[in-house]
Amino acid sequence: MIRIAVCDNEKDARDYLSRLVRKQYAECEITEYHSGQEYLAGDGRFDLVFLEMKLQIPGDGMELAAEIRRRDGEKQPLIVFVTAYEKYVYDAFDVGAFQYLLKPVNERRFAAVLKRAVEQIQSKVKRPKQSLIIQYAGVSKAINLDSIYYAESQGHKVILHREDGKLEYYAKIGALEKELNGQFFRIHKGYLVNFAFIDGYSKTAVTLTNGEKLLISRYKYTDFVKEYLAYVEQG
C-alpha cells in the first residue's frame, strides 16, 4: 500500500488531485493537508507528496519541502510540486523534487507522472540489496551500496562516507568507479557519488540528502546530468 499526501490550501485542488490519484491507482492511502504546519504535525511517513509550491501563510511549499528534506530520521518521500506559476518550477529541484505539475493539472500529464512515481517507489521496495566487497583489516567485508553516500579518493586509499560513519581502505577510485557504474558517478577526480543520495545539484556542486555539498567538475557536468536523469527515469 503506497501512502500519498496531498498538500494544498485550496480544498477544491486537494479534492481534484485525490480523485486523479484514485482514478489512476486504487491501491493507495491518501491524506490531505491544507497547510505545511498541518503536514508537519502528522507522522510524515509518506511515499509520495503532491505539494502546492506557493502555499498561503503560514507555510510556503518550498519551505515545507526543505523541512521534509532536513528530517533525516524520517522516510523521505518523492515530492511532486503543483503550481500555477511556471517561473517557480526550477526552484523545485533545489529540494530534490521528483517532478512538477502546472495548474490547471492536465489529467494525461498527471497520469504519466504518477505512473513513474509509483514504479520508482515499488522498485525501491523490490530491489535486492547490493554489496561492495572490500579488503579491510585483512578480511573481506561486504558493504551495502545503499549505505554509501559517496566515495572519496585520498592518496592510495578510498574513504567510504556512509550513514553510520566513514570507512577507509586501500583502493583506487578509478577501479571503484568501473565496479559501481550505474548507481554511482565520478563527479570530480576525488568524488564518486551515489545517485540514490542526491538531493539537488547545480553546475558547480551536488547536494546530498545528508546536507553535504561536493564539487562537480565542469567537464563532468553534462554527462552527470544525463546519467542522473536516466537513473531517475529507471527508478
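The values are calculated or read from the model by the stated rules, or taken from the named source; none is laboratory data. In this text the structure is predicted, and so the values were computed from the model without any measurement. Cβ: placed from backbone, ideal geometry, glycine included. Neighbour counts: every protein chain shown.
Can you tell which of L215, L192, L208 is under 24 Å from A171 (Cα atoms), of a type in the set (A, V, I, L, M, F, W, C), outside the structural domain of E67 (by TED's automatic domain parsing) and touching a His at 6+ places or on another chain (Cβ under 6 Å)?
L215 is the lone residue from the list that is under 24 Å from A171 (Cα atoms), of a type in the set (A, V, I, L, M, F, W, C), outside the structural domain of E67 (by TED's automatic domain parsing) and touching a His at 6+ places or on another chain (Cβ under 6 Å).
Would you confirm, using the coordinates I've provided, whether A142 is small (G, A, S) and in contact (Cβ under 8 Å) with a residue 24 or more places away in the chain? Steps first, please.
Working: small (G, A, S): yes; in contact (Cβ under 8 Å) with a residue 24 or more places away in the chain: no.
It is false that A142 is small (G, A, S) and in contact (Cβ under 8 Å) with a residue 24 or more places away in the chain.
Which condition from (1) more than 21 Å from L145 (Cα to Cα); (2) in contact (Cβ under 8 Å) with a residue 60 or more places away in the chain is the one that Y221 breaks?
Among (1) more than 21 Å from L145 (Cα to Cα); (2) in contact (Cβ under 8 Å) with a residue 60 or more places away in the chain, the lone unmet condition for Y221 is (2).
Just checking, does region 90-107 include any residue being among the acidic types (D, E), in contact (Cβ under 8 Å) with a residue 60 or more places away in the chain and surrounded by fewer than 17 Cβ atoms within 10 Å (Cβ to Cβ)?
Yes: one or more hits.
With the structure loaded, tell me whether V6 is assigned to a strand (DSSP E or B), touching a helix residue (DSSP H, G or I) at 6+ places or on another chain (Cβ under 7 Å) and either in the same structural domain as S202 (by TED's automatic domain parsing) or more than 23 Å from Y231 (Cβ to Cβ) (or both) or whether it fails that test. Spell out the reasoning first.
Working: assigned to a strand (DSSP E or B): yes; touching a helix residue (DSSP H, G or I) at 6+ places or on another chain (Cβ under 7 Å): yes; either in the same structural domain as S202 (by TED's automatic domain parsing) or more than 23 Å from Y231 (Cβ to Cβ) (or both): yes.
Yes.
I'd like the residue in region 158-175 that is assigned to a loop (DSSP other than H, G, I, E, B) and within 24 Å of the chain's Cα centre (by Cα) and, out of all such residues, is surrounded by the most Cβ atoms within 10 Å (Cβ to Cβ). It would help to see each step written out before you state the result.
Filtering region 158-175 for residues assigned to a loop (DSSP other than H, G, I, E, B) gives 163-164, 171-172.
If we keep only those that are within 24 Å of the chain's Cα centre (by Cα) too, we end up with 163-164.
Numbers: E163: 13, D164: 6.
Here the residue is E163.
Residues in region 16-61 that are at pLDDT 90 or above, within 16 Å of L101 (Cα to Cα) and charged (D, E, K, R): how many?
2
Please enumerate the residues belonging to region 109-149 that are among the small types (G, A, S), over 15 Å from F195 (Cα atoms) and modelled with pLDDT of 90 or more.
Once the filter is applied, which keeps residues that are among the small types (G, A, S), over 15 Å from F195 (Cα atoms) and modelled with pLDDT of 90 or more, region 109-149 yields A111, A112, A117.
Residues are listed down the side, and each one gets a yes or a no for (1) more than 29 Å from D94 (Cβ to Cβ); (2) surrounded by 15 or more Cβ atoms within 10 Å (Cβ to Cβ):
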residue	(1), (2)
I121	no, yes
I143	yes, yes
I148	no, yes
H156	yes, no
E177	no, yes
G190	no, yes
L214	no, yes
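Which members of region 181-195 meet the condition of being in a loop (DSSP other than H, G, I, E, B) and over 19 Å from the mean Cα position of the chain (by Cα)?
Applying the first criterion (in a loop (DSSP other than H, G, I, E, B)) to region 181-195 yields 182-183, 189-190.
Passing the criteria: K189, G190.
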